[in-house]
Amino acid sequence: KTANIGVVGLAVMGSNLARNLASREGNTVAVYNRSHDKTEHLVSTHPEAGFISTSTYEEFAASLSQPRTAIIMVKAGRGTDAVIEELVKVFEPGDIIVDGGNALFTDTIRREKAVRETGINFVGMGVSGGEEGALLGPSIMPGGSDESWVTLGPILKSIAAIAEGEPCVTHIGHDGAGHFVKMVHNGIEYADMQLIAEAYDLIRRGTNKSPAEIADVFAEWNGGELESYLIEITAEVLRQVDADTNKPLVDIILDQAGAKGTGAWTVQTALDLGVPVSGIAEATFARSLSSHAEQRAVSRDLPGPAQALTVDDADSFIEDVRLALFASKIVAYSQGFDEIRAGASAYGWNIDLGAVSKIWRGGCIIRAQFLNRIADAYRDAVELPVLLTAPYFVEALGRAQDAWRRIVSISAAAGLPAPAFSSSLAYYDGLRAERLPAALIQGQRDFFGAHTYKRIDKEGTFHTLWSGDRTEIEAEDTH
Ligand code: NDP
């Protein structure tokens, strides 16, 4: 018997993806793992899957029908390179190697180029949804050539999550496009989580509600425009009681957030591209700040405001927080899509932003109703330069902005950190501004570095002779 698809790397993600593939009509799945005991364990615990167990790369290749298609799900980085090196030896031109791990998109670009020289297709594929998604239906973001999409498309459509009848997979673009979009997905996820955390903190401190009561607030929000997986699981986490202490689990968990690095990649890449993803950056930095226990310990006695947060009307305060969360979330997504647009332009990918928002509606961590509105926005205006200027978002921001400003002011006055709320508002007001103090910065740059400036009233590039008689001269454009 031969397999039409293979999976290399049988830790939690690879095993679940292999089982998902095997459960679909018409698929036979070959499996391989560096440590063979994992392969044997998977095959013996899931006889229903009908896996073809292989113990060498040669055996793995021989068990696949042509064109051979293999999905790698190993530890991203050197592990991925090691597996590719082996597969290239046993595969032939026309075969397809898919990397479903969390690779940095520049690594994917490099690998695609190297593998392409052998005539083998290489596809970098973002997979979101954690272990449950891998098993039951993830959101899938494949890059790679059009040729490989012909073979891969139907297989991926059969295992992807379904949102409103549509599979959550689309061919994102060539080489690293899929991993780029997956990276930004994770960055948006960081922002979304931070915003929810800030909302929880404000409600907790402002109203003295218990975590279980706040869980009810989130559960209610989940019935409206904030409906999303992250809001839903927030309610579940807040409701959880620790078995040992009988206290809310959220009060027992150490308040130091971990990170596996994809948020940082999103921000680093945005800095390179010159895209202000301030919400994502603040969310990433907030995790860093939380984890610096020693710095927090020596800073505890820094002076703060005399007045703690006081709230007269809890219900209207909570509604303000909800609106601030919604407005900030719109900003975070708008910034994320801005980064995808800039990445597409810099790397020559033709990315359909509306299609991206649609494949995030199911399977992945940021799945939300709200993504339909983003799809609408790009359907109505494919070249939309700023997502939050689409009519639906303009209306929502108009409805939310007073509350948003109140929440940012109140949190600043009470000394409560709300970095994602406040930086999102600053970004929004920065975009709106008729004039920005960037004019002064240009003046300073010209003063100390003769960096020149442009004028509002005539064409050309100018420099003031700051250390001379301070007259203005026309200058070469040096930015
Ligand atoms: P891990 O990231 O823990 O990786 C373990 C697997 O990698 C094992 O199968 C291991 O083989 C293999 N491996 C490591 N180094 C090598 C090597 N040099 N040569 C061959 N095989 C190697 O597994 P996960 O299942 O958690 O994740 C797999 C991939 O999916 C990762 O890239 C991860 O970033 C990505 N991902 C994970 C998500 C999650 O929620 N966990 C979500 C989306 C993507 P062995 O058994 O022999 O050690």
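In the range 204-266, counting only helices (runs of 4 or more DSSP H) that sit wholly within it, the ones holding 3 or more residues that are closer than 30 Å to GLN295 by Cβ and either out of contact with any Lys or Arg (no Cβ under 9 Å at 6 or more places or on another chain) or at pLDDT 95 or above (or both) span 229-239, 249-252. Residues that are more than 15 Å from the ligand (Cβ to nearest atom), more than 29 Å from the chain's Cα centre (by Cα) and at positive phi are absent from the range 53-66 altogether. Restricting attention to the range 97-143 and to residues that are buried (at least 24 other Cβ atoms within 10 Å of the Cβ) and β-branched (Val, Ile, Thr), the residue that is nearest to the ligand (Cβ to nearest atom) turns out to be VAL127.
Suppose the filter is more than 24 Å from GLU85 (Cβ to Cβ) and either without any contact (Cβ under 8 Å) to a residue 12 or more places away in the chain or under 18 Å from the mean Cα position of the chain (by Cα) (or both); does PRO142 pass it? The answer is no for PRO142.
Could you tell me whether VAL382 is farther than 20 Å from LEU202 by Cα, at pLDDT below 95 and out of contact with any Lys or Arg (no Cβ under 8 Å at 6 or more places or on another chain)?
yes
Scan the range 351-391 for residues that are surrounded by fewer than 22 Cβ atoms within 10 Å (Cβ to Cβ) and more than 26 Å from GLY137 (Cβ to Cβ) and the total you get is 10.
Whenever a residue of the range 367-382 is farther than 13 Å from CYS168 by Cβ and touching a residue at least 60 places away in the same chain (Cβ under 8 Å), its partners that are among the β-branched types (Val, Ile, Thr) and part of a helix (DSSP H, G or I), lying with C-beta atoms within less than 9 angstrom and at least six residues away or across chains, give the pairs PHE370/ILE330.
Do we have LEU10 as of a type in the set (A, V, I, L, M), part of a helix (DSSP H, G or I), in contact (Cβ under 8 Å) with a residue 24 or more places away in the chain and within 15 Å of the ligand (Cβ to nearest atom) here? The answer is no for LEU10. Filtering the range 426-479 to residues that are under 30 Å from GLN335 (Cα atoms) and of a type in the set (Phe, Trp, Tyr) leaves TYR427, TYR428, TYR453. Among residues that are within 16 Å of the ligand (Cβ to nearest atom), in contact with a strand residue (DSSP E or B) (Cβ under 7 Å, 6 or more places away or on another chain) and part of a helix (DSSP H, G or I), GLY178 is included. Would you mind stating whether THR108 is at pLDDT 95 or above and either part of a helix (DSSP H, G or I) or touching a Lys or Arg at 6+ places or on another chain (Cβ under 6 Å) (or both)? Here the answer is yes, as THR108 does meet what is asked.
Among the residues making up the range 13-52, those that are outside any helix (DSSP H, G or I) and either under 16 Å from VAL74 (Cβ atoms) or within 10 Å of the ligand (Cβ to nearest atom) (or both) are ALA30, VAL31, TYR32, ASN33, ARG34, SER35.
Of all residues in the range 451-479, which are at pLDDT below 95 and either part of a strand (DSSP E or B) or farther than 30 Å from GLU282 by Cβ (or both)?
Of the range 451-479, the ones at pLDDT below 95 are 475-479.
Within the range 451-479, ALA475, GLU476, ASP477, THR478 qualify.
For every residue, the table says whether it meets (1) farther than 19 Å from ILE155 by Cα; (2) among the aliphatic types (A, V, I, L, M); (3) in contact with a Ser or Thr (Cβ under 6 Å, 6 or more places away or on another chain).
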| position | (1), (2), (3) |
| --- | --- |
| LEU17 | no, yes, no |
| LEU21 | no, yes, no |
| GLY26 | no, no, no |
| ASN33 | yes, no, yes |
| LEU42 | yes, yes, yes |
| THR45 | yes, no, no |
| ALA62 | yes, yes, no |
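Only a single criterion out of (1) in contact with a strand residue (DSSP E or B) (Cβ under 8 Å, 6 or more places away or on another chain); (2) not in a loop (DSSP other than H, G, I, E, B) is not satisfied by GLY187, namely (1). For first residues located in the range 84-105 and closer than 25 Å to THR262 by Cα and at pLDDT below 95, partners that are of a type in the set (A, V, I, L, M, F, W, C) and away from the ligand (no atom under 14 Å from the Cβ) and lie 6+ apart or on another chain with Cβ distances below 7 Å do not occur.
Filtered by the rule that a residue be assigned to a loop (DSSP other than H, G, I, E, B) and of a type in the set (Gly, Ala, Ser), the range 267-299 gives a lone residue, GLY274.
Tell me whether the range 316-326 contains one or more residues that are of a type outside the set (Gly, Ala, Ser), buried (at least 24 other Cβ atoms within 10 Å of the Cβ) and touching a Ser or Thr at 6+ places or on another chain (Cβ under 7 Å). So far as the range 316-326 goes, no, none of its residues is of a type outside the set (Gly, Ala, Ser), buried (at least 24 other Cβ atoms within 10 Å of the Cβ) and touching a Ser or Thr at 6+ places or on another chain (Cβ under 7 Å). Beta carbons closer than 9 Å, at least 6 apart along the sequence or on distinct chains, pair a first residue in the range 206-226 that is closer than 19 Å to ASN246 by Cβ and touching a residue at least 40 places away in the same chain (Cβ under 8 Å) with a second that is among the β-branched types (Val, Ile, Thr) and in a helix (DSSP H, G or I) for LYS209/ILE203; LYS209/VAL217; LYS209/ILE318; PRO211/VAL237; PRO211/VAL250.
Would you be able to say whether some residue in the range 148-163 is closer than 30 Å to GLN369 by Cβ, part of a strand (DSSP E or B), touching a strand residue (DSSP E or B) at 6+ places or on another chain (Cβ under 9 Å) and away from the ligand (no atom under 16 Å from the Cβ)? Yes, there is a match, as at least one residue in the range 148-163 is closer than 30 Å to GLN369 by Cβ, part of a strand (DSSP E or B), touching a strand residue (DSSP E or B) at 6+ places or on another chain (Cβ under 9 Å) and away from the ligand (no atom under 16 Å from the Cβ).
The values are calculated or read from the model by the stated rules, or taken from the named source; none is laboratory data. What you are looking at is a predicted structure, and each value in this text was computed from that prediction instead of being measured. Positions of Cβ are backbone-derived with ideal geometry, glycine not excepted, and every protein chain shown enters the neighbour counts.
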